[in-house]
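Only one structure is covered here, and it is reproduced in the block below.
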């Protein structure tokens, strides 16, 4: 299953790599293929000082942790997505959060599921009949089920 990883998921994994989110990202390789947009890397760099402060790690240790977490993710340049898809997705997200356009468009393009912890995005998209979105608890249950079989 293709899982598109939202920024808040990666931030959560960096802040606590032993959390359920961290465990899914680091240990579910055989069950899920993780993808994200290059915009995620931009977001990590933009918030690097905040991550340093919150984790209390050195620059080198934070870089090491970022690489560990993002190493499991295949990054796709959102500029390669069809312009028509980006425009339709931006319209869909206008009343929710247009900043999530690259993630939702990539989800549609790859026919995957968007993994997010953003409840406003989750319920906003669900209310617009967008079904390809999943929260951590749902993904964790799915992983447990896959590992049992």
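The values are calculated or read from the model by the stated rules, or taken from the named source; none is laboratory data. Quantities reported herein were computed from a predicted structural model and do not represent experimental measurements. Methodologically, a virtual Cβ is constructed for each residue, glycine included, from the backbone with ideal geometry; neighbour enumeration extends over all protein chains shown.
Please work out if residue 61 is without any contact (Cβ under 8 Å) to a residue 24 or more places away in the chain, over 20 Å from residue 105 (Cα atoms) and more than 14 Å from the chain's Cα centre (by Cα).
Yes.
Can you name the residue in region 23-42 that is part of a helix (DSSP H, G or I) and more than 13 Å from residue 73 (Cβ to Cβ) and, of all such residues, is modelled with the highest pLDDT?
Only one residue fits best here, namely 42.
Within the group 65, 52, 26, 57, which residue is under 21 Å from residue 114 (Cα atoms) and either in contact with a helix residue (DSSP H, G or I) (Cβ under 9 Å, 6 or more places away or on another chain) or crowded, with 18+ Cβ neighbours inside 10 Å (or both)?
26
Go through region 126-136 and give me each residue that's free of Cβ contacts under 8 Å to residues at least 24 places away in the same chain and under 14 Å from the mean Cα position of the chain (by Cα).
The answer is 135, and nothing else.
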